[in-house]
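The values are calculated or read from the model by the stated rules, or taken from the named source; none is laboratory data. Note that this is a predicted model, so its numbers are computed, not measured. Cβ placement follows ideal geometry from the backbone for every residue including glycine, while neighbour counts extend to all protein chains displayed. Side chains are part of the model used for accessible areas, which takes the heavy atoms of the whole protein and leaves out ligands, DNA and RNA. Shrake-Rupley method; radii C 1.70, N 1.55, O 1.52, S 1.80 Å.
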Amino acid sequence: MSKQSIVVLSGAGISAESGLKTFRDANGLWEGHDVMEVATPQGWETNQELVLKFYNDRRRQLLEVLPNLAHKSLVQLEKYYNVQIITQNVDDLHERAGSSHILHLHGELLKVRCTKNPSEIIHWNTDLTKEDYSSSGAQLRPHIVWFGEDVPLLDEATHLVSKAAHIIIVGTSMQVYPAASLIDFAKPNAKIYLVDPQPAISPRSNLKVYKEKATKGIQKIVNELINAVNQ
Ligand code: APR
């Protein structure tokens, strides 16, 4: 029998138990910074040093943390289902846990790109400075989708959501568009699971809410989905 498809929509909350802070739990501040200063094209124009330092700090922090049981449990599903992760996170914790198919809607901390040629994307795991240039001699910037910028992988993500039999939403406040609108493209009969200790989602058919932290809630869902196949 062919495997059913699962799409996982993950956000900052799945990495909280690894030690990475979420965004909206801190009054709009992100590690003490106004998001508009560090995560917008205007912020980059105004103070590149600040933006570079901010992402350098985040990159260093990322290299010190580990995937948690929520990231790891999702990998177990791959034996029984076609699993696609669509994450708003810029960390690499799904990769390190071992998931095979991961789409980063908002970019990746461990990549940088050319400011002139956006298709020149380079792996990067140290600090980025103003003196780091691409092959064409242009400055490099963090490979992050900032507020107000296009989301290049949105169409691909929408297509994946529209095909899924099961959709697991974990650790995202679903407040940032267009990512938050992805769920509107689910098939009417798709089963939707939401894991969040403070869930804020309008009721809809086929929705099951797990008011728990990611590690606990995801383990429950993974067990349920694996049992469903084994029956
Ligand atoms: N387990 C599961 N969920 C959790 C946990 C946890 N341990 N701790 C917090 N949460 C939930 C919060 O209740 C909240 O609903 O995770 C959610 C985090 O929401 P946000 O901080 O808004 O993060 P996210 O939805 O990923 O943000 C989206 O905003 O700043 C931008 O580009 C950035 O990708 C990011 C986007």
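Considering only residues of the stretch 96-105 that are over 16 Å from Glu64 (Cβ atoms) and of a type outside the set (A, V, I, L, M), which is nearest to the ligand (Cβ to nearest atom)? Filtering first and then ranking leaves His104. Note on the stretch 176-186: among residues that are under 11 Å from Thr158 (Cα atoms) and part of a loop (DSSP other than H, G, I, E, B), the one that is least open to solvent (accessible area, probe 1.4 Å) is Ala186.
Across the stretch 14-44, which residue is surrounded by the fewest Cβ atoms within 10 Å (Cβ to Cβ) among those that are near the ligand (Cβ under 10 Å from one of its atoms) and of a type in the set (D, E, K, R)? The qualifying residue surrounded by the fewest Cβ atoms within 10 Å (Cβ to Cβ) is Asp25. In the stretch 203-217, the qualifying residues are those that are within 23 Å of Gly19 (Cβ to Cβ) and basic (Lys, Arg), and the one that is nearest to the ligand (Cβ to nearest atom) is Lys213.
Restricting the stretch 195-231 to residues that are of a type in the set (S, T, N, Q) and part of a helix (DSSP H, G or I) leaves a set whose member that is farthest from Ile6 (Cα to Cα) is Thr215. If you take the residues of the stretch 45-73 that are more than 13 Å from the ligand (Cβ to nearest atom) and surrounded by 19 or more Cβ atoms within 10 Å (Cβ to Cβ), which of them is nearest to Lys220 (Cα to Cα)? Here the residue is Lys72. Of all residues in the stretch 81-133, those satisfying the criterion of being closer than 18 Å to Leu160 by Cα, open to solvent by 50 Å² or more (accessible area, probe 1.4 Å) and in a loop (DSSP other than H, G, I, E, B) are Ser100, His101.
For the stretch 27-59, the set of residues classified as free of Cβ contacts under 8 Å to residues at least 60 places away in the same chain and basic (Lys, Arg) consists of Lys53, Arg58, listed by residue number. Taking the stretch 136-162 as the range and being among the aliphatic types (A, V, I, L, M), within 16 Å of the ligand (Cβ to nearest atom) and outside any helix (DSSP H, G or I) as the test, the residues that pass are Ile144, Val145, Val151, Leu153. The condition of being open to solvent by less than 90 Å² (accessible area, probe 1.4 Å) and within 12 Å of the ligand (Cβ to nearest atom) holds for only one of Ala200, Ala165, Ala228, that being Ala200. Do we find a residue being more than 11 Å from the ligand (Cβ to nearest atom), surrounded by fewer than 14 Cβ atoms within 10 Å (Cβ to Cβ) and touching a residue at least 12 places away in the same chain (Cβ under 8 Å) anywhere in the stretch 4-13? No, the conditions are met nowhere in the stretch 4-13.
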